[in-house]
Protein chains: 2
Amino acid sequence: MKFTINRAAFLKELNNVSRAISSKTTIPILTGLKLVADDNGLTLTGSDADISIEALIHADDPDNQLAIESTGAIVLPARFFGDIVKRLPEDNMTLDVTEGFQTEITSGSASFTINGLDANNYPRLPEIDATDAITLSGDVFRELINQTVIAVSNQESRPILTGVHFTLVDDQLLAVATDSHRLSQRKITLPTSASATYDVIIPGKSLTELSRMISDDNPDVEMRLSDNQVLFTIDDRLFYSRLLEGNYPDTSRLIPKEATTSAEFDAKSLLASVERASLLSHESRNNVVKLTLNSEDGKATIFGNSPDVGNVEEELTPKELTGDELEISFNPDYMKDALRSFGQTEIRIAFTSPLRPFTLVPTEDSENFIQLITPVRTF
Amino acid sequence: MKFTINRAAFLKELNNVSRAISSKTTIPILTGLKLVADDNGLTLTGSDADISIEALIHADDPDNQLAIESTGAIVLPARFFGDIVKRLPEDNMTLDVTEGFQTEITSGSASFTINGLDANNYPRLPEIDATDAITLSGDVFRELINQTVIAVSNQESRPILTGVHFTLVDDQLLAVATDSHRLSQRKITLPTSASATYDVIIPGKSLTELSRMISDDNPDVEMRLSDNQVLFTIDDRLFYSRLLEGNYPDTSRLIPKEATTSAEFDAKSLLASVERASLLSHESRNNVVKLTLNSEDGKATIFGNSPDVGNVEEELTPKELTGDELEISFNPDYMKDALRSFGQTEIRIAFTSPLRPFTLVPTEDSENFIQLITPVRTF
């Protein structure tokens, strides 16, 4: 195996594939990057057994300046090889597998010889049928991921809650995550009805890595499933993730239908106020801020308190405030995550009682995105 | 004590003074920021006992929007207070010390009440005479610091080597640092002869913090000494550091006068080559790279090697190469630090033998700046 390639084009895909490579793996060969040169071009593969990423660099794209002199395959130590490629002196580099998996990397007057591994020992990626594919706009899918993964649990005690629950019926794709203290739910209407129905749980970590691979030029993301794997295709990159096994709790009943107190805020300015209040609650043993709402005088006030350090009080400016008087306490970190997920928009918060979950929705689009937070009992 | 101030002007000095404040201190009041409001303006003080920084915000500078309603002093928890000031909603803030050191910080509709401490319990800063002052250009002094602190030792076994040795005789200021494996020496000719002579050792950590406080608009730095303290004045900021006590070793004899092999390089491209070679040496137990020089065929080659991973070899392009053939090994990290300190310039490296220290100087200014590195025996 021997090829010459443009270093920048190679580094770009090396960085993409490296997202899946961990130095903390129990399978030594997975610390490596797999390279395969064939007639199509150069394929890079990285995997940590949970996630696998494969990227193809086309031989026929002149930007890649890819010239394959002889085909073949090799596995190279990923972190180390990446450091070398980053620091090579010239725009192009040549990689040549000599005898016994020894690999020579040359660029200008610099020449590295490193020990590779037999690519035949690298685990095979799962094979996934193309039948059930749906296609989403990259921007929309990245937003869906970022809005839902915030509510994923990071406790391994209930592994099922470390994933996002995806269901697809007709043209409705629903994504839900909850760590049992809060919940985030996002709905997307597909342009056309899908032929299949989905009911799968994708690990939050996989989705976070996937969202980072969706570039800003809004590529299409194709999603397809097998029994225990999901495959996302973005341009010439394949992203595999295992699925979580088990039954996701029924979350539809958790979302209250009615409200006794309702307030509208600018999400960004409310976020700033909660951040200030949380400065003090973070110093306290129980990380809680208090919100009081009084529709009669239109006043909303937020309080934070730490017995050691002091307290903070701030009057908020709701756009609208209706319903019963209310005093409610909550974890400000959940509130901050939820408010950040809305970006710069108006939101409506709907409360029923001091001990029942409350919901946040965008005022303009209350059907497709909802955040739910369970309050904290302080009395 | 009560005042209103422009938040940005206040934050700027709060950040400067905070450099001296550590949360890991054995003297609890030093985790605080001292504020004194008097007729001149507002003085901020931070200290970790080794370094103290004091900044004055003038009442008569309209940019500061400083209005002192009543004078006084307070000590506030620094990290926490800084977080509050950063997140306040409006451009201005009001600070009001009410009863029992309770302090109210208000900005817009946000109001914090935090517990302060009695400023009378804050340690006093040393008093330093103005007699022996010398003045340096900020750019030059920052360069001197950055060029010498790299060679300071970070081992507490010989505390004296954790400082930079400053000597001043007539108009010659000399700064030297060595960790006994390498040495860096910088000379500055003052515009006028100083009245005093200096022979002091300033902790490397103090100098690093000081260099960060020298802004890019090249302010003058005034330096003056007392028995065991040095005071630097930059505009309205005072920077105190303790001095290290003891005798600094005589370093003048360490620098070889003659050379048997000499080579000229572009510092930046040699740095890139050493960085590549060190990728492999870092994976090895003994972190060493090898350089061979042969003036007959004009060839210079650098080698790095790790038994586990592989090796690297790169032919260098010296601008000039004279003297005996040589093979020498050294710690590439020392070489990288030294080369970075030259920036983008031509340097000359002078060798005497494979086991004797070699020196690096800028080709254009070989008198005022010299780096020395002790090689490593590999045979």
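The values are calculated or read from the model by the stated rules, or taken from the named source; none is laboratory data. Bear in mind that the values here come from a model prediction, so they are computed numbers and not experimental data. Note that each Cβ is placed from the backbone with ideal geometry, even for glycine, and that neighbours are counted across all protein chains shown.
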- Message: I need the full set of residues from segment B:270-315 which are of a type in the set (Ser, Thr, Tyr), within 33 Å of the chain's Cα centre (by Cα) and at the interface with another protein chain (Cβ under 10 Å from one of its Cβ atoms), in order please.
- Response: B:273, B:278
- Query: Of the conditions (1) within 14 Å of chain A (Cβ to nearest Cβ); (2) modelled with pLDDT of 95 or more, residue B:358 fails just one. Which one is it?
  - Reply: (1)
- Okay, strands (runs of 3 or more DSSP E) sitting entirely in segment B:23-65 with 3 or more residues that are without any contact (Cβ under 8 Å) to a residue 60 or more places away in the chain and under 22 Å from residue B:8 (Cβ atoms), I get B:41-47
- Task: Can you give me the number of residues within segment B:127-163 that are surrounded by fewer than 18 Cβ atoms within 10 Å (Cβ to Cβ) and not charged (D, E, K, R)?
- Result: 12
- Task: Filter segment B:249-286 for residues that are closer than 29 Å to residue B:366 by Cβ and touching a Gly at 6+ places or on another chain (Cβ under 8 Å) and give the result.
- Result: B:259, B:260, B:261, B:262, B:267, B:268, B:276, B:277, B:278, B:281
- Query: Since residue A:265 meets every condition but one in (1) surrounded by 22 or more Cβ atoms within 10 Å (Cβ to Cβ); (2) out of contact with any Lys or Arg (no Cβ under 7 Å at 6 or more places or on another chain); (3) more than 14 Å from residue B:112 (Cα to Cα), which condition does it not meet?
  - Reply: (2)
- Note on the structure: Across segment B:237-269, the tally of residues that are of a type in the set (Phe, Trp, Tyr) and within 14 Å of chain A (Cβ to nearest Cβ) stands at 1
- Task: Those residues that are free of Cβ contacts under 8 Å to residues at least 24 places away in the same chain and either part of a helix (DSSP H, G or I) or not assigned by TED's automatic domain parsing to the domain that holds residue A:7 (or both), I need them from segment A:89-102; list them, please.
- Result: A:99, A:100
- Message: Take residues that are within 22 Å of residue A:125 (Cβ to Cβ) and tell me which of the strands (runs of 3 or more DSSP E) falling wholly in segment A:142-259 contain 3 or more.
- Response: A:198-203, A:220-225, A:229-234, A:237-242
- Query: Considering segment A:357-379 alone, what residues qualify as being exposed (fewer than 14 other Cβ atoms within 10 Å of the Cβ) and not acidic (Asp, Glu)?
  - Reply: A:377, A:378, A:379
- Which condition breaks for residue B:86 when tested against (1) surrounded by fewer than 15 Cβ atoms within 10 Å (Cβ to Cβ); (2) touching a residue at least 12 places away in the same chain (Cβ under 8 Å); (3) more than 20 Å from residue A:280 (Cα to Cα)? (3)
- Message: Residue under question is residue A:298, and the condition is that it be in contact with a helix residue (DSSP H, G or I) (Cβ under 7 Å, 6 or more places away or on another chain) and free of Cβ contacts under 8 Å to residues at least 40 places away in the same chain; does it hold?
- Response: no
- Item | Residues of segment B:103-126 that turn out to be within 13 Å of chain A (Cβ to nearest Cβ), surrounded by fewer than 16 Cβ atoms within 10 Å (Cβ to Cβ) and not in a strand (DSSP E or B), as a count | 2
- Looking at (1) more than 26 Å from the chain's Cα centre (by Cα); (2) at the interface with chain B (Cβ under 10 Å from one of its Cβ atoms); (3) of a type outside the set (A, V, I, L, M, F, W, C); (4) buried (at least 16 other Cβ atoms within 10 Å of the Cβ), which is the one condition that is false for residue A:318? (2)
- Task: Identify the residue in segment B:26-77 that is surrounded by fewer than 17 Cβ atoms within 10 Å (Cβ to Cβ) and in contact with a Gly (Cβ under 9 Å, 6 or more places away or on another chain) and, among all such residues, is nearest to the other protein chains (Cβ to nearest Cβ).
- Result: B:38
- Message: Between a residue in segment B:332-351 that is farther than 17 Å from residue B:145 by Cα and any residue that is part of a strand (DSSP E or B) and small (Gly, Ala, Ser), which pairs come within a Cβ distance under 6 Å, given they are 6 or more apart or on different chains?
- Response: B:349/B:263; B:350/B:262
- Could you check how many residues of segment A:284-315 are among the β-branched types (Val, Ile, Thr), crowded, with 19+ Cβ neighbours inside 10 Å and either not in a loop (DSSP other than H, G, I, E, B) or not assigned by TED's automatic domain parsing to the domain that holds residue A:363 (or both)? 3
- When both residues are 6+ apart or on different chains and their Cβ atoms are under 6 Å apart, which pairs have a first residue that lies in segment A:1-18 and is more than 15 Å from residue A:209 (Cβ to Cβ) and not assigned by TED's automatic domain parsing to the domain that holds residue A:213, and a second that is assigned to a helix (DSSP H, G or I) and at pLDDT 95 or above? A:6/A:64; A:9/A:64; A:11/A:85; A:14/A:82
- Message: Could you tell me how many of the residues in segment B:349-379 are within 25 Å of residue B:287 (Cβ to Cβ) and of a type in the set (D, E, K, R)?
- Response: 2
- Query: Quick one: which of A:172, A:229 is more than 16 Å from the chain's Cα centre (by Cα), more than 24 Å from residue A:45 (Cα to Cα) and among the polar types (S, T, N, Q)?
  - Reply: A:172
- Positions within segment A:66-88 being part of a helix (DSSP H, G or I) and touching a Ser or Thr at 6+ places or on another chain (Cβ under 8 Å), in sequence order: A:78, A:79, A:82
- Query: Taking segment A:164-214 as the search range and keeping residues that are hydroxyl-bearing (Ser, Thr, Tyr) and under 25 Å from residue A:16 (Cα atoms), which one is surrounded by the fewest Cβ atoms within 10 Å (Cβ to Cβ)?
  - Reply: A:208
- Residue by residue through segment B:146-177, note down the ones that are among the β-branched types (Val, Ile, Thr) and closer than 13 Å to residue B:202 by Cα. B:148, B:149, B:152, B:160, B:162, B:164, B:167, B:176
- Query: Does segment B:330-338 include one or more residues that are of a type in the set (D, E, K, R) and within 14 Å of chain A (Cβ to nearest Cβ)?
  - Reply: yes
